[in-house]
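> If you scroll down you'll find the structure; I have some questions about it.
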Amino acid sequence: MTATLGQILLAPDTQPHVVADCQLLIDQEVSGKSGVSGTAVKLAYKTAKSFAPGYLHGMVESLLPDMVAELEPYWAGFAASGASGFGDYLVKRGDEVAEALLSVTDARAKRSERPVILKAYGAVRGGAAKHVAAALPNVGSLVQKYADGSLS
């Protein structure tokens, strides 16, 4: 039987590595953005990074279980499909997966009482789905790295 995504990514000895890799992935995705919407994403990210030391790391850590839960059905479908790459599997369902992942950040934003963060999030939320969809190949690779048992 194939392990669930939660069993793979949220295992106590694995989760800190996953959080660090997610943070690196976010940094890389943001730095690669260009154009008007890319500038807005970079500004929002800079705002969040400068909000408080460790804020983004803490957010990645706290959002990871809910993100994993949203990815779980796609992981199960991928495992059943026999496809070779989780990133490709996610890309084929890009809009749906992006909205599923954004539902986690939307829910968090609704509970937030931090006006600076809410303003930054609101400034980029409209175009966020396309940015998340563009990152799905790398998200899939990150997940598959752990599914294949590699921590390098």
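> Restricting to segment 82-129, give me the number of residues that are closer than 19 Å to residue 145 by Cβ, assigned to a helix (DSSP H, G or I) and out of contact with any Asp or Glu (no Cβ under 6 Å at 6 or more places or on another chain).
7
> Show the residue pairs that are 6+ apart or on different chains and have beta-carbon atoms under 6 Å apart, the first residue being within segment 122-150 and without any contact (Cβ under 8 Å) to a residue 24 or more places away in the chain, the second being surrounded by fewer than 16 Cβ atoms within 10 Å (Cβ to Cβ) and among the charged types (D, E, K, R).
none
> Only one of 107, 11, 79 is surrounded by 15 or more Cβ atoms within 10 Å (Cβ to Cβ) and either in contact with a Phe, Trp or Tyr (Cβ under 8 Å, 6 or more places away or on another chain) or among the hydrophobic types (A, V, I, L, M, F, W, C) (or both). Can you tell me which?
79
> Sticking with this one: Tell me which residues, restricted to segment 88-116, are over 19 Å from residue 138 (Cα atoms) and among the acidic types (Asp, Glu).
If the condition is that a residue be over 19 Å from residue 138 (Cα atoms) and among the acidic types (Asp, Glu), then 106, 113 are the ones that fit.
> So is residue 76 out of contact with any helix residue (DSSP H, G or I) (no Cβ under 7 Å at 6 or more places or on another chain) and in contact (Cβ under 8 Å) with a residue 24 or more places away in the chain or not?
Spelling it out, residue 76 is indeed out of contact with any helix residue (DSSP H, G or I) (no Cβ under 7 Å at 6 or more places or on another chain) and in contact (Cβ under 8 Å) with a residue 24 or more places away in the chain.
> Out of (1) closer than 23 Å to residue 119 by Cβ; (2) touching a Gly at 6+ places or on another chain (Cβ under 6 Å), what's the single condition that is false for residue 43?
Residue 43 satisfies every listed condition except (2).
To keep it simple, each residue is scored yes or no on (1) surrounded by 14 or more Cβ atoms within 10 Å (Cβ to Cβ); (2) basic (Lys, Arg); (3) modelled with pLDDT of 85 or more; (4) under 13 Å from the mean Cα position of the chain (by Cα).
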{"residue": "36", "(1), (2), (3), (4)": "no, no, no, no"}
{"residue": "45", "(1), (2), (3), (4)": "yes, no, no, no"}
{"residue": "60", "(1), (2), (3), (4)": "yes, no, yes, yes"}
{"residue": "71", "(1), (2), (3), (4)": "yes, no, yes, yes"}
{"residue": "126", "(1), (2), (3), (4)": "no, no, yes, no"}
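The values are calculated or read from the model by the stated rules, or taken from the named source; none is laboratory data. Small disclaimer: the values here were computed from a predicted structure and weren't measured. As a convention, Cβ positions derive from the backbone with ideal geometry for all residues, glycine included, and neighbour counts pool all protein chains shown.
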